[in-house]
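Trainee: Mind looking over this structure? Questions follow.
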Amino acid sequence: MELKLKIWRQKNQKDSGHFESYKVEAEEHMSFLEMLDVLNQQLIEQKKEPVAFDHDCREGICGSCSLVINGRPHGPQAGTTTCQLHMRAYKSGDTITIEPFRASSFPVIKDLVVDRSSFDNIIQSGGYISVNTGQAPDGNAIPIEKDLSSEAFDSATCIGCGACVAACPNGSAMLFTSAKINHLQKMPQGKVEHKNRVKNMIKQMDKEGFGQCSNVGACEVECPKEISTKNIANLNRFYLGTVFGGE
Amino acid sequence: MGWFIDFLTSSIGKKLVMSLTGLFLISFLAIHLLGNIQLLFNDGGESFNVYAHFMTSNPLIKFVSIGLYAGILLHAIQGIFIAIQNKKAKGRKYEVSTLKNGNWASKNMALLGILIFAFLCIHMGDFWWKMKFTDSVEMITYDGYDYAVKDLYSKVYYSFSQMWIVIVYLIGLLALAMHLYHGFQSAFTTLGLVHKKYTPIIKAMGIAYSILIPIGFAIIPLYVVVKNLSNY
């Protein structure tokens, strides 16, 4: 299949960037990233600069891959990452526009690669448990209701890719932050530091310059792990409880 | 006090201000509509004008109305600030944009809010300002009352006899409908009120409210238009 690609090229953070068009010969069974690999091989053979893009596990669990494909973070399919998108989703002759995630807190480093350190900073401000809670058997020794553990797991599936921020018209990081907080709040090990975690992670999120959530819901639609916006509503309640509740 | 300022300047605190003022304004709409339905009574404006006199002279309602003006301004100013900040946080827009994620109203609350505010300026300039600060609204005394009241009823009928004012009202109400469509349920989400059983009810109520309230308000100018047409 022959595809026309319109890809965002940007030398570095200071460069203003522009779109460039390419043609690539791909196979239906290729993943989207493999199609880009083919393009890059082509560019290298032509002694041109290959397109920089983030990737690591290529099986949808690491949260490295990004890309906004024809206006949608991680492409057109629901509940998948870019690396899980295959070229069979396209027809020969299609034009595909590929852009980096856009948000002021995710500056473009090069081409399609953005700096997502702001997410790391949010995690470092409270997305952890301070004490060693032991190995898996120790975790299994604590009885937790099945519904609760399932709910916690639903939030825990967030891979921190940043598609929520990329999809949000406000560039808000509420879905990511709320998923992390909801996950830990539901577990007895995480409950202990809950209030400080809520306070500190929100503070850090605001400091990183993310926008305010206005309940548009685009994040939920684009999230490759289908994290629910219910996490956001819960976090709103947690935060009010933390600020106005007793010490 | 420091903790409270920290809260009000946090992203969730700012949204809480929008949510609470929004819910306050939502509840005002229902009361405003209930009072205005008296404009449809065929009693020469007696019930509406006496009601309007009560609403502008009762000290308790005067006090609440100051809260209402403050609520409108706070909601508008805070909303503009949030919209500017969010635009900055988003940065560069996408080359290809999808309308699929999120409905149009939810993404254009600031634009709809500005339209509603512009409508409010025209609306209050025409009635509130003229009634309170000018003599353009005539006095009238009804049988059985020992005081004269301003004939706002006739003023309303006069205003709605002008077609451009009716069109401005219909546009303003359409903007209000879309603003409410997102705002009603969003206000509850911001307060953290989500529940498997009750959230669908809140959402359904929000949709019903966003349709019924603007239709209720629209009936008044349309009634005047139809009445004038049938007089010819």
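The values are calculated or read from the model by the stated rules, or taken from the named source; none is laboratory data. The structure presented is a predicted model; accordingly, all values stated were derived computationally and were not measured. Note that each Cβ is placed from the backbone with ideal geometry, even for glycine, and that neighbours are counted across all protein chains shown.
Trainee: If we keep just the residues of the stretch A:8-36 that are assigned to a loop (DSSP other than H, G, I, E, B) and under 20 Å from A:ASP94 (Cα atoms), which is nearest to the other protein chains (Cβ to nearest Cβ)?
Mentor: Among those that are assigned to a loop (DSSP other than H, G, I, E, B) and under 20 Å from A:ASP94 (Cα atoms), it is A:ALA26.
Trainee: Same structure again: Please indicate, with yes or no, whether at least one residue in the stretch A:65-76 is surrounded by 19 or more Cβ atoms within 10 Å (Cβ to Cβ) and away from chain B (no Cβ under 14 Å).
Mentor: Checked the stretch A:65-76: at least one residue is surrounded by 19 or more Cβ atoms within 10 Å (Cβ to Cβ) and away from chain B (no Cβ under 14 Å).
Trainee: Of B:GLY79, B:GLY22, which residue is in a helix (DSSP H, G or I), within 14 Å of chain A (Cβ to nearest Cβ) and either touching a Leu at 6+ places or on another chain (Cβ under 6 Å) or closer than 30 Å to A:VAL114 by Cβ (or both)?
Mentor: Criteria check complete, one pass: B:GLY79.
Trainee: Given the structure, is A:LYS47 basic (Lys, Arg), in a strand (DSSP E or B) and either closer than 24 Å to A:SER228 by Cα or not assigned by TED's automatic domain parsing to the domain that holds A:PRO224 (or both)? Steps first, answer last, please.
Mentor: On the way: basic (Lys, Arg): yes; in a strand (DSSP E or B): no; either closer than 24 Å to A:SER228 by Cα or not assigned by TED's automatic domain parsing to the domain that holds A:PRO224 (or both): yes.
When the stated conditions are applied, A:LYS47 does not pass them.
Trainee: Here is a follow-up. If only one of B:ALA118, B:ALA105 is surrounded by fewer than 17 Cβ atoms within 10 Å (Cβ to Cβ) and either hydrophobic (A, V, I, L, M, F, W, C) or more than 10 Å from chain A (Cβ to nearest Cβ) (or both), which one is it?
Mentor: Working: B:ALA105 fails: surrounded by fewer than 17 Cβ atoms within 10 Å (Cβ to Cβ).
Unique residue meeting the criteria: B:ALA118.
Trainee: Additional query: Scanning the stretch B:124-145 for residues that are in a loop (DSSP other than H, G, I, E, B) and of a type in the set (Val, Ile, Thr), which turns out farthest from B:VAL156 (Cα to Cα)?
Mentor: Once the filter is applied, the top-ranked residue is B:THR141.
Condition check ((1) part of a helix (DSSP H, G or I); (2) within 25 Å of B:MET55 (Cβ to Cβ); (3) modelled with pLDDT of 95 or more) across all residues:
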position	(1), (2), (3)
B:TYR169	yes, yes, yes
B:HIS182	yes, no, yes
B:VAL194	no, no, no
B:GLY206	yes, no, yes
B:PRO214	yes, yes, yes
B:PHE217	yes, yes, yes
B:PRO221	yes, yes, yes
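Trainee: Go through the stretch A:73-189 and tell me which helices (runs of 4 or more DSSP H), entirely inside it, have 2 or more residues that are closer than 30 Å to A:LYS4 by Cα. Please lay out each step first, then the result.
Mentor: Working: elements: A:117-124, A:136-140, A:146-156, A:163-167, A:174-185.
Output list reads A:163-167.
Trainee: Would you confirm whether or not the stretch A:86-96 contains a residue that is modelled with pLDDT under 95 and crowded, with 16+ Cβ neighbours inside 10 Å?
Mentor: No: zero hits.
Trainee: Is the stretch A:33-48 home to any residue that is in contact with a helix residue (DSSP H, G or I) (Cβ under 9 Å, 6 or more places away or on another chain) and over 27 Å from A:ILE159 (Cα atoms)?
Mentor: yes
Trainee: Also, quick follow-up: Of the numbered conditions (1) more than 30 Å from A:GLN185 (Cα to Cα); (2) within 14 Å of chain B (Cβ to nearest Cβ); (3) of a type in the set (Ser, Thr, Tyr), A:SER125 satisfies every one except a single condition; which is it?
Mentor: Checking A:SER125 against (1) more than 30 Å from A:GLN185 (Cα to Cα); (2) within 14 Å of chain B (Cβ to nearest Cβ); (3) of a type in the set (Ser, Thr, Tyr), the one that fails is (1).
Trainee: Only one of these conditions is not met by A:GLY209: (1) surrounded by fewer than 21 Cβ atoms within 10 Å (Cβ to Cβ); (2) of a type outside the set (D, E, K, R); (3) away from chain B (no Cβ under 14 Å). Which number is it?
Mentor: (3)
Trainee: Could I ask something else about it? Determine which member of the set B:TYR158, B:TYR198, B:TYR209, B:TYR223 is more than 13 Å from the chain's Cα centre (by Cα) and in contact (Cβ under 8 Å) with a residue 60 or more places away in the chain.
Mentor: After ruling out the rest, the residue left standing is B:TYR223.
Trainee: Test of understanding: among B:TYR153, B:TYR142, B:TYR157, B:TYR198, which residue is within 29 Å of B:GLY22 (Cβ to Cβ) and of a type in the set (Phe, Trp, Tyr)?
Mentor: Just a single option satisfies the conditions, and that option is B:TYR198.
Trainee: Run down B:THR134, B:THR141 and say which single residue is in contact with a strand residue (DSSP E or B) (Cβ under 9 Å, 6 or more places away or on another chain) and without any contact (Cβ under 8 Å) to a residue 40 or more places away in the chain.
Mentor: Just a single option satisfies the conditions, and that option is B:THR141.
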